[in-house]
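Colleague: Could you have a look at this structure, given as structure tokens, before my questions?
The values are calculated or read from the model by the stated rules, or taken from the named source; none is laboratory data. Worth saying up front: this structure is predicted, and the values here are computed from it rather than measured. As a convention, Cβ positions derive from the backbone with ideal geometry for all residues, glycine included, and neighbour counts pool all protein chains shown. The area values use the complete protein model at the heavy-atom level, side chains included, leaving out ligands, DNA and RNA. Shrake-Rupley method; radii C 1.70, N 1.55, O 1.52, S 1.80 Å.
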Amino acid sequence: MSSIFTKIIEGEIPGRFVWKDDECVAFMDIMPASPGHLLVVPRAEIDRWPDLPAELAAHLFSVAHKISGALDRAFDRDRVALMIAGFDVPHTHIHLFPANGMEEYNPANANKNATAEELDESAQKVRDALRELGYGEFVPEA
């Protein structure tokens, strides 16, 4: 059975994508820890991140690094946080989110009522920043 992320990647469920390439995608988290919170997800449905082939893991972190630069540019926060938890969806994913402190790492503090407009605005900021950084070929249209 396909994970919810596979369904998003395949267009069965809507997603607010900011990055697409042959190996992975990045889209906005619907319960953001902060504005700009997104997920970097391999197209391959692999549950546990240590099970990723080394080349794919390296690619995911390379993409996360590039997107982190865009998040840093687009949002006024002290840091861009990265987290791999792996308990909520059985499909490897890297959380990236602008943060000012450790309390933002706590999923209990996530915005469970983020509006479509808030998510769209954050996604557009990330897309614009990625284009400014020269990654336009990987940035899908809204």
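Colleague: Given the options GLY101, GLY36, GLY86, which has the most mean-square fluctuation in a GNM of the chain, springs set between C-alpha atoms less than 10 angstrom apart?
Modeller: Top of the fluctuation ranking is GLY101.
Colleague: Follow-up question, since we're still on this one. Output wanted: per-residue J couplings in Hz (rounded whole) for region 46-54, from phi through Karplus 6.51 cos²θ - 1.76 cosθ + 1.60, θ = phi - 60°, x for Gly and Pro.
Modeller: Using θ = phi - 60°, the values come out as 10, 5, 9, 4, x, 7, 5, x, 4 Hz.
Colleague: Suppose all protein chains stay in the model; what accessible area per residue would a 1.4 Å probe give for the chain, in Å²?
Modeller: With all protein chains present, the chain gives 54 Å² per residue.
Colleague: Okay, moving on. Give me the extension gain from ASN100 to ARG79: residue separation times 0.36 nm, minus the current Cα-Cα distance, reported in nm with one decimal.
Modeller: 6.9 nm
Colleague: What percentage of the solvent-accessible surface of the chain, computed with a 1.4 Å probe over protein heavy atoms, is contributed by carbon and sulfur atoms?
Modeller: On the way: 4010 of 7700 Å².
So the carbon and sulfur contribution to the accessible surface is 52 percent.
Colleague: Given the alpha-carbon gyration tensor of region 26-91, what are the semi-axes of its equivalent ellipsoid in whole angstrom, ordered largest first, with each equal to the square root of 5 times an eigenvalue?
Modeller: With the √(5λ) rule applied to region 26-91, the semi-axes are 22, 14, 9 Å.
Colleague: Over region 68-132, what relative contact order in percent results from Cα pairs under 8 Å that are six or more residues apart? Could you put the intermediate results ahead of the total?
Modeller: Details: 54 pairs, mean separation 23.0, N = 65.
For region 68-132, the relative contact order is 35 percent.
Colleague: Before anything else, pin down the relative contact order of the chain: Cα pairs under 8 Å, at least 6 apart, normalised by residue count, whole percent.
Modeller: Answer for the chain is 32 percent.
Colleague: If you don't mind, there's one more thing I want to ask. Within a Cβ distance under 14 Å of ASP22, other residues only, what is the Lys/Arg minus Asp/Glu net charge?
Modeller: -2
Colleague: Using only DSSP helix segments of four residues or longer, with each worth -39500 (n - 2.57), what per-residue ellipticity at 222 nm results for the chain after dividing by its residue count and rounding to 500?
Modeller: -10000 deg cm²/dmol
Colleague: To continue, here is another question. Read phi for every residue in region 73-87 and hand back ³J(HN,Hα) as whole Hz from Karplus 6.51 cos²θ - 1.76 cosθ + 1.60, θ = phi - 60°, with x for Gly and Pro.
Modeller: Couplings: 6, 8, 10, 8, 9, 5, 9, 10, 7, 10, 8, 10, 10, x, 9 Hz.
Colleague: Here's a follow-up. Scan (i) 36, 35, 28; (ii) 40, 38, 33; (iii) 46, 36, 30 for the value of Cα extents along the principal axes in Å calculated from this model and give just the label.
Modeller: The value computed from this structure is option (i).
Colleague: Moving on to the next point. Report the extension gain between ASP120 and ARG43 in nm, rounded to one decimal, defined as 0.36 nm multiplied by the number of residues separating them, less their alpha carbon distance.
Modeller: Value of the extension gain: 25.5 nm.
Colleague: Would you kindly derive the ³J(HN,Hα) couplings of region 123-130 from the backbone phi angles with the Karplus curve 6.51 cos²θ - 1.76 cosθ + 1.60 (θ = phi - 60°), listing them in order in whole Hz, with x for Gly and Pro?
Modeller: 4, 5, 4, 5, 4, 4, 5, 4
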